[in-house]
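J.: One structure is given below, represented as structure tokens, and several questions about it will come after.
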Amino acid sequence: MRGDAANALARLALGNNSIRGAKVSSSLEKAFPFLNGVDSAILSRKLVEADLVKPTGNIAIGVITSEEKQAGFKVLFDGTNTNQWTGNTAGYLVEDGALVVHPEIKGGNLYTKDEFGNFVYRFEFLLTPGANNGIGIRAPLEGDAAYVGMEIQVLDNEADKYKALEKYQYHGSVYGVIPARRGYLKSPGQWNTEEISIKGSAIKVTLNGVVILEGDIAEASKNGTIDHKEHTGLLRPIGHIGFLGHGDVVKFRNMRIKPL
């Protein structure tokens with residue numbers, strides 16, 4: 001019922017310019033977290049763009065802030081469709097403004113249609129208990145992105161089944177190459193924010209406002225990688241960004257990117 005009321009209030013405010021003022025703004029701020037349904041992403045974006053809601057914490061679904069827009073960010077997923085993505089689109093459904101991996105349908109990998117070399121990539125993700133996924137960067141559309149491109153781990157670190165993993169396999173690590181710091185993931189069922197920044201061979205991963213990885217992939221691999229495997233993708237200057245499904249339910253939203 002709260003969701004229906006929130007949606008109705010948003011439509012009223014967006015459809016009538018006379019519905020304004022401090023009390024309306026206060027009511028919309030309170031209603032904003034309860035927007036739901038297939039058009040919630042559109043309502044969220046329009047409320048922010050119309051300056052009816054000032055997002056705090058996580059940004060509104062499919063919206064870039066004015067600061068991000070001025071800095072050159074663009075939206076990769078607006079919460080309504082996968083038009084900018086290719087690959088196993090059948091296994092990634094749009095639900096309440098998020099891309100949800102549905103491995104029981106057809107999980108697998110989903111890639112940006114465009115290629116990116118140097119960039120700052122921001123997104124949010126929600127893990128289910130024990131979930132495993134990954135962010136492919138500078139990856140081709142074929143092959144194992146962890147080796148023919150690079151994979152930034154997305155993982156429920158604290159799940160009991162992962163207690164014996166190698167340090168380069170935990171969340172935020174450049175898989176097999178540079179390990180990330182642990183201890184900054186939110187519990188399964190909560191949204192996390194992440195930023196991946198890469199320029200040349202320098203890479204940084206920021207999770208929930210904390211830098212958990214900062215290093216140089218060329219330096220880290222000059223004497224061989226720590227997993228002792230061949231990572232030809234470390235030499236790739238450009239490629240696709242992807243979600244690398246590993247058979248678990250994971251949600252992603254608010255994907256935006258700034259090419260460098």
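J.: Which numbered condition in (1) out of contact with any Pro (no Cβ under 7 Å at 6 or more places or on another chain); (2) farther than 23 Å from residue 77 by Cα is the only one that residue 193 fails?
T.: If we test residue 193 against (1) out of contact with any Pro (no Cβ under 7 Å at 6 or more places or on another chain); (2) farther than 23 Å from residue 77 by Cα, just (2) comes out false.
J.: So, residue 225, is that one among the polar types (S, T, N, Q), closer than 25 Å to residue 238 by Cβ and not in a strand (DSSP E or B) or not?
T.: So residue 225 fits the description; yes.
J.: Identify all residues within region 105-127 that are in contact (Cβ under 8 Å) with a residue 24 or more places away in the chain, surrounded by fewer than 16 Cβ atoms within 10 Å (Cβ to Cβ) and over 18 Å from residue 83 (Cβ atoms); write none if there are none.
T.: First, the residues of region 105-127 that are in contact (Cβ under 8 Å) with a residue 24 or more places away in the chain: 107-127.
Within this subset, residues satisfying the condition of being surrounded by fewer than 16 Cβ atoms within 10 Å (Cβ to Cβ) are 113-114, 117-118.
Result: 117, 118.
J.: Checking the structure you have, find out if any residue of region 173-190 is in contact with a strand residue (DSSP E or B) (Cβ under 6 Å, 6 or more places away or on another chain) and in contact (Cβ under 8 Å) with a residue 60 or more places away in the chain.
T.: Yes: region 173-190 contains one or more residues that are in contact with a strand residue (DSSP E or B) (Cβ under 6 Å, 6 or more places away or on another chain) and in contact (Cβ under 8 Å) with a residue 60 or more places away in the chain.
J.: Right, next: Within region 147-167, count every residue that is at pLDDT below 95 and among the aromatic types (Phe, Trp, Tyr).
T.: Here the count works out to 1.
J.: Further question: As an exercise: evaluate residue 114 against (1) modelled with pLDDT of 85 or more; (2) of a type in the set (Asp, Glu); (3) outside any loop (DSSP other than H, G, I, E, B) and give the number of the one condition it does not meet.
T.: Result: residue 114 fails condition (3) only.
Here's the yes/no breakdown for (1) in contact with a helix residue (DSSP H, G or I) (Cβ under 9 Å, 6 or more places away or on another chain); (2) closer than 22 Å to residue 65 by Cβ; (3) modelled with pLDDT of 75 or more:
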site: 5; (1), (2), (3): yes, no, yes
site: 10; (1), (2), (3): yes, yes, yes
site: 15; (1), (2), (3): no, no, yes
site: 21; (1), (2), (3): no, no, yes
site: 29; (1), (2), (3): no, yes, yes
site: 33; (1), (2), (3): yes, yes, no
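J.: Which condition number in (1) of a type outside the set (A, V, I, L, M, F, W, C); (2) at positive phi; (3) out of contact with any strand residue (DSSP E or B) (no Cβ under 6 Å at 6 or more places or on another chain) is the one that residue 138 fails?
T.: So residue 138 meets the others, but not (3).
The values are calculated or read from the model by the stated rules, or taken from the named source; none is laboratory data. Given the structure is predicted, the values throughout are model-derived calculations rather than measurements. Reconstructed Cβ throughout: ideal geometry from the backbone, glycine too, with neighbour counts over all protein chains shown.
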